[in-house]
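The values are calculated or read from the model by the stated rules, or taken from the named source; none is laboratory data. This structure is a prediction, so every number in the text was calculated from the model and none was measured. Neighbour counts are summed over all protein chains in view; Cβ atoms, including those assigned to glycine, are modelled from backbone coordinates with ideal geometry. The accessibility values were calculated without ligands, DNA or RNA, using every heavy atom of the protein model including side chains. Shrake-Rupley method; radii C 1.70, N 1.55, O 1.52, S 1.80 Å.
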Amino acid sequence: VSTQSTGQREYMINVINIVCRANGYPLPVVTWFKDSTEISADYNIRYTISQENSNDYVTSTLTVISVKDEDAGLLTCRAVNQKVATYTAQLEIDFVVGHEIAPSISLSDISIQLNSAITFEAVAYGYPTPTIFWYKDNYVPITTTGRYLLDGTSLFIDGAQSSDTGLYIVKATNGVGEDAFANATITLGSNQTVIIGTAGGVCGLFFIICCGVLLYVMVRQKHRENFVPPNEAVTPSEKEIEKSDHFPEIKHHIEHNIGQVEHAGDRVFKMEGPTAL
């Protein structure tokens, strides 16, 4: 196993990327240490480790953001493979004391879910380390009280409510140059909108169904009122038929029947008026 790294450097920047490249067969496992303490996943939120493997090399990168004085010290990259061969590379980091940097700060929009615990995190740079102030909407100061907790560049909100949405502003100041500002918005999560939309859609559908049922009942009732059973149907008189052009076949049929009745009356019945007795 062999490792490559660089010698002593001086940094006064906001982000540090340190690359450790190790080769061997089998590929070695790379571990990082700072002043003899292993840099694990929960070592420091500002420290992250990424790794890329190729056929011959392992490339491990240690990234430190929001660099502070406490980050100065001895960094060690240790490579170990299954042959129990161990190699290390060390890098000492120092800072240029007294080099002042004006503050800068950034903040990104987030969406929240109701009744959840959320973290609103700003990223601030500068030397000396800037002091952070939080505001909401029209520069209303936010302090640690009730559901709100301020911790450095982070704002924690417990049991998020719809009233927590809106514009948030952060200010970074360290006495060097001008103060830095950033703003971002907290909005309600998309699934909350879906729930509201679905409820409205169900109510609208229910209303349409009710209107349809009501219309159906009214039409049925009207149909029943106008319906005349066949045995109660009124046969139009000859006079009515003569006044109408809409029943030519019925008129012919009635006139034919009347002729037959009168002929039969001559032979059998005595006709008196319009009624045969």
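Take Glu178, Glu70 and sort them by solvent-accessible surface of the protein heavy atoms, 1.4 Å probe, largest at the top.
Working: Glu178 155, Glu70 115 Å².
The ranking, largest first, comes out as Glu178, Glu70.
Using 0.36 nm per residue of separation minus the Cα-Cα distance, give me the extension gain between Arg46 and Thr88 in nm, one decimal.
Details: separation 42, 0.36 × 42 = 15.12 nm, distance 2.31 nm.
This chain segment gains 12.8 nm when fully extended.
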### Summary
So for R0 = 51 Å, FRET eff. of Thr119-Cys211 from the Cβ-Cβ r, to 0.05, ends up at 0.60
### Query
In terms of modelled amide H atoms, which long-range or inter-chain residues lie less than 5 Å from the amide H of Asp179?
none
### Summary
Probe 1.4 Å, all chains present, heavy atoms only: Arg220 accessible area in Å², nearest 10, is 110
### Ser54 accessible area, 1.4 Å probe, all protein chains in place, Å² to nearest 10
60
### Task
Provide the per-residue ³J(HN,Hα) series for segment 75-82, in order, calculated from phi with Karplus coefficients 6.51, -1.76, 1.60 and θ = phi - 60°, each as a whole number of Hz, with x at glycine and proline positions.
9, 10, 10, 10, 10, 9, 10, 5
### Task
Might you work out the accessible area of Ile209 for me, using a 1.4 Å probe with all protein chains in place, and round it to the nearest 10 Å²?
90
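For Lys222, Lys171, give me the order by solvent-accessible area with a 1.4 Å probe, most accessible first, ignoring ligands, DNA and RNA. Display every interim value, and only then the final one.
Numbers: Lys222 115, Lys171 40 Å².
Largest to smallest exposure gives the sequence Lys222, Lys171.
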### Sequence-distant residues sharing a close amide H with Thr131 (under 5 Å, placed H)
Thr173, Asn174
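Could you state the accessible area per residue of segment 31-74 in Å², with a 1.4 Å probe and every protein chain left in place? Please report the intermediate quantities before stating the final value.
Numbers: 2580 Å² over 44 residues.
Dividing the accessible area of segment 31-74 by its residue count gives 59 Å².
On the accessible surface of segment 97-174, probed at 1.4 Å, how many percent belong to carbon and sulfur atoms?
Details: 2120 of 4060 Å².
Summing carbon and sulfur atoms, their accessible area is 52 percent of the total for segment 97-174.
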### Message
Using a 7 Å offset from the Cα along the Cα-to-Cβ direction at both Phe181 and Val19, what is the distance between the two label points in nm, to one decimal?
### Response
4.0
